[in-house]
Amino acid sequence: MTAVVDPVRSFLELEKRLEREPEGSQGEIARGVYMMTPRPRAAHGGAQVNLGAALRLRFGWGEGVVAPEWLFVAEPEVRSEENLSRLVPDLAAWRRSTTGWPDLNITPATLAPEWVAEVLSPTTERFDRREKMGAWGAMGVGYVWLVDVDRRRIETFANVRGTMVAGTVLEADAELAAEPFGALGLPVARLFPG
């Protein structure tokens, strides 16, 4: 006789394990798959900061007392029990007029972002491309950008009925222009340190 596995119970057990992990390491759960990774290289962090700064400069400021349309957050924890996922994207954005904004005083956020960026590194690329991409699609994230520091390019994806579908690949010599933001007025190469 085969025992029936309760996926939600298994997910909750993985969350307990995640919360016991040591400081300086990062664990994530994507559709029930647990992944533990070391802290990224400095080149990864540089690309993350540069992309966040470019987006914040263009979209993250309101006029006067008006709040901006977009909220950009570095490494927020995003949880979806329904999709058995607890993830930490390198950057995430919520749009006031579509998804609304999460409560910034509650971690993890349970409101899926409209856009996420994952900065690829040798230790996370496979997980980012497979499990996390599938989880982002199932959670309803509208757009995912994979920022490849080693190849100096950005791969874009859009959610089509719960699946992330490949879009434009922006090489280093291209202008940074992709959904949901459109043209940002800078070359992709400027995102990469060195």
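Observations on the model:
- Flag if Gly140 is without any contact (Cβ under 8 Å) to a residue 40 or more places away in the chain, under 29 Å from Ser25 (Cα atoms), out of contact with any helix residue (DSSP H, G or I) (no Cβ under 8 Å at 6 or more places or on another chain) and small (Gly, Ala, Ser): yes
- For region 11-48, a residue qualifies if it is surrounded by fewer than 15 Cβ atoms within 10 Å (Cβ to Cβ) and either within 23 Å of Asp148 (Cα to Cα) or among the hydrophobic types (A, V, I, L, M, F, W, C) (or both), and the qualifying residues are Leu12, Gly24, Ser25, Met36, Pro38, Arg39, Ala42.
- Residues in region 64-84 that are assigned to a strand (DSSP E or B) and over 15 Å from Ala135 (Cβ atoms): Trp70, Leu71, Phe72, Val73, Ala74.
- For the criterion of being aliphatic (A, V, I, L, M), under 22 Å from Ala177 (Cβ atoms) and out of contact with any Phe, Trp or Tyr (no Cβ under 8 Å at 6 or more places or on another chain), Ala54 passes.
- The number of residues in region 164-194 being surrounded by fewer than 13 Cβ atoms within 10 Å (Cβ to Cβ) and either under 15 Å from the mean Cα position of the chain (by Cα) or touching a residue at least 40 places away in the same chain (Cβ under 8 Å) (or both) comes to 2.
- Among the residues listed as Gly27, Gly100, the single one being touching a Lys or Arg at 6+ places or on another chain (Cβ under 8 Å), over 20 Å from Thr156 (Cβ atoms) and without any contact (Cβ under 8 Å) to a residue 24 or more places away in the chain: Gly27
- Criterion violated by Val119 - all others in (1) touching a residue at least 60 places away in the same chain (Cβ under 8 Å); (2) touching a helix residue (DSSP H, G or I) at 6+ places or on another chain (Cβ under 8 Å); (3) over 18 Å from Trp136 (Cα atoms); (4) not charged (D, E, K, R) satisfied: (3)
Taken together, the values in this text are just the output of simple stated rules run on the coordinates, not laboratory data. Because the structure is a prediction, the values reported are computed rather than measured. Methodologically, a virtual Cβ is constructed for each residue, glycine included, from the backbone with ideal geometry; neighbour enumeration extends over all protein chains shown.
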